[in-house]
Every structure is written in structure tokens, then in C-alpha cells.
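Following: one structure in C-alpha cells, then a few remarks.
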Amino acid sequence: MSQDNLAKMECTECKTVTHYTTRNRVIKTRLALKKHCKNCKKHTDHKETK
Ligand SMILES: [Zn+2]
């Protein structure tokens, strides 16, 4: 099973992967999004990681 298109979104504060997203082929820069972290229990910056 290929997971090439699956990107993990990691909380930049606690380094926990809290969300998964499919990588859009258009996106070439690293994603940084505000998402809710269940670990931090608040919205934090998340970055795409492998
Ligand atoms: Zn967090």
C-alpha cells in the first residue's frame, strides 16, 4: 500500500503527530497550519513531517 501521498501534521510545540492529510502535489513548500492539538489542548502551529 502506498503512503506517498500521506503527510503527517506535527505539533510544533509537543512534536506529536495529531493530524494526517493527503499531500497535494501542488504544494511544494512546507505546510504550517494552525490546528487543534489534543495533547496541548489548544490550537498550535503544525508542520508537515514525514
Ligand atoms: Zn501539541
Quick check on my filter: what residues within region 1-42 are of a type in the set (G, A, S) and at pLDDT 75 or above? A7, A32
Only one of (1) surrounded by 13 or more Cβ atoms within 10 Å (Cβ to Cβ); (2) at pLDDT below 95; (3) not in a strand (DSSP E or B) fails for E48. Which number is that? (3)
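The values are calculated or read from the model by the stated rules, or taken from the named source; none is laboratory data. Source: prediction; values computed, not measured. Heads up, the Cβs are rebuilt from the backbone with ideal geometry, glycines too, and the neighbour counts pull from every protein chain shown.
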